[in-house]
Structure formats: C-alpha cells, structure tokens
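In what follows, a structure is listed as structure tokens, so that the remarks can point back to it.
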Amino acid sequence: MLILLLFGTSCTKDSGANNTNPLIVESEIFTYILYDGLTQNILEPIQTKLDESYSKVLDDLEVDSINKVTVRIWNNEMNFLDNMQTSIGMTYPDSTGWVYNANDIRVLNRGNTAQTVLHEFCHAVSLVVNPQFGNNPRWFWEAVAIYKSGEFIHPQTISYLVSGDFPTLAELSTDYNASNHNIYEVGYLISEFIIENWGKTHYVNLIRSNGDIMQTLELTVQEFEDAWKVFVLAKYF
C-alpha cells in the first residue's frame, strides 16, 4: 500500500463516500470528479500543469501511453479521509494525495492542489512502468514522483544535510504514519544523483527492479548511500 500511494482496484464515479452527486468534468486525457461542492473553476491551473508535464513525464519514464486517468478531488478533509478509510481500511492524516491505481488519483484540495495532482500523476505513470512499484521501496517510489514533478529543495536549507547526517535508504522507507517524512525533502536529490551518474535508462530499470541497487547499478546499498552523500556535498556545498 502507498500513500502518495497505490491501492487495489478500479472505482465507479459514485465511490466517493459522503458525496453522492459529484461534478464530473471530462478532458481529452483526464476525467475530473469534484466533491464537496467544488466547481470546475479549480481545474484550470491543474490542467495547465498537467498539459505542461504530461508528455515529458511519459517520455522520461519510457512509457508510450497511459489510459485515461481519473482525478478525484475533495474539498472537505473528513470526506477525503473517509473515502481513504472506505477504500483501503486505514487513513493517513495530513496526506493530501494518493493513487488508488495507475488510472485513479485521489486528492484533497489545498493551496497547492495542481502540484499535488502532478506528483500523483507521476506516481501513476511509474505504476505503468512497474505495477508492483507502489511503495516498494518507499524511498524510490517517492523519489521518482518528487523528481519528475520538480519538487526540488536546496540541501543547504535541510539542517541534517548541512550537519552531514544523511538518512539511510532504510530510514527513508519507513511507513508514512511513522515516518519523519524526510524522503519528501531529499527525494529529488536521490533521483538527480542516479540520473546524472547512470542515465535515464538505468533510472527506469531501477523502477522495474523495485529499487534493486545491486542488480541495476552494481553497488551495495552502503556504497550507494556513501556515493550519494559525496555527490550532494560536491554539487551543493
């Protein structure tokens, strides 16, 4: 299971708990289902961001095409979490998005909704590359979506990196509810390290191998972690 996440099977349009009459808006490649009284006025920045990134995300992840994606958006956090509980049997408080499968994105409308939808779309495309990739492993699952959606955080603003305390991949893979969420701060840097040193094809192959570093990059996990630290320090400090 994933948050910012992957779960199970497809849904019908009325599967949003506590919302029996959502507004449905179709575009050529997305279906938007809007709950809690949301109107299509919220869609322009979302569609603009998706239009800007759609082809590049597919190309970068070596995906020829993806089926039409449904984007479900709630405005009420309780209803959003109720739908999560109904769908997967648990909730992830403070989350604002997850993917039910490669063609069904669930999002809570907040200040950066367009970016959240793009992040989740990147997750969805990575599931086309490897349907078993969701949170498997969590560190790379998030690193891919963070990098492909452009969520860069400069390492000089991350206190534990400044002090030289780089997290391990195991630490970055802890469950969302138990995690310190550091993967969201350093995921971009991990992806950048892989692509700059091994290229796009190895990056995609690492998705296909569920983050098997030895198989794909011919390094041990410790060697990878040490080399990543050297890369970040050399490039940004």
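Taken together, the values in this text are just the output of simple stated rules run on the coordinates, not laboratory data. All values reported here derive from a predicted model rather than from experimental measurement. Neighbour counts run over all protein chains shown; Cβ positions are idealised from the backbone, glycine included.
Under 19 Å Cα-Cα from Lys235, which lysines qualify once same-chain neighbours fewer than 8 residues away are excluded?
Candidates past the 8-residue exclusion: nothing left.
How far apart, in nm, are two points set 7 Å out from the Cα along the Cα-to-Cβ line at Ala234 and at His181?
3.3
What number, in percent, do you get for the relative contact order of the chain if the mean sequence gap of Cα pairs under 8 Å and at least 6 apart is divided by its residue count?
Computed over the chain, the figure is 19 percent.
Mind checking the angle between helix 221-236 and the chain's longest principal axis? C-alpha axes, 0 to 90 degrees, to the nearest 10.
90
Does segment 138-236 come out rounded, prolate or oblate, given a ≥ b ≥ c as the square roots of the eigenvalues of its C-alpha gyration tensor, rounded meaning a/c under 1.5 and, failing that, prolate meaning a/b above b/c?
Verdict is rounded for segment 138-236.
Taking other Cβ within 10 Å of each residue's Cβ, how do Ser65, Ser191 sort, fewest first?
Ranked by crowding around the Cβ, least crowded first: Ser65, Ser191.
Which is farthest toward the positive dipole end of the chain among Met90, Ile194, Val71, measuring Cα position about the Cα centre, with Cβ charges +1 (Lys, Arg) and -1 (Asp, Glu)?
Val71
Taking the beta-carbon count within 10 Å as an exposure proxy, list Thr91, Thr20, Thr168, Thr96 from fewest neighbours to most.
Thr20, Thr168, Thr91, Thr96
At 4 °C and 1.567 mPa s, grab the translational diffusion coefficient of segment 23-129 from Stokes-Einstein with a Kirkwood Rh over Cα pairs, rounded to a whole number in µm² per second. Intermediate results must be reported in sequence, preceding the final value.
Numbers: Rh = 14.0 Å.
So the translational diffusion coefficient is about 93 µm²/s.
To the nearest 20 Debye, how big is the dipole of the chain about its Cα centre, given +1 on the beta carbon of each Lys and Arg and -1 on that of each Asp and Glu?
260
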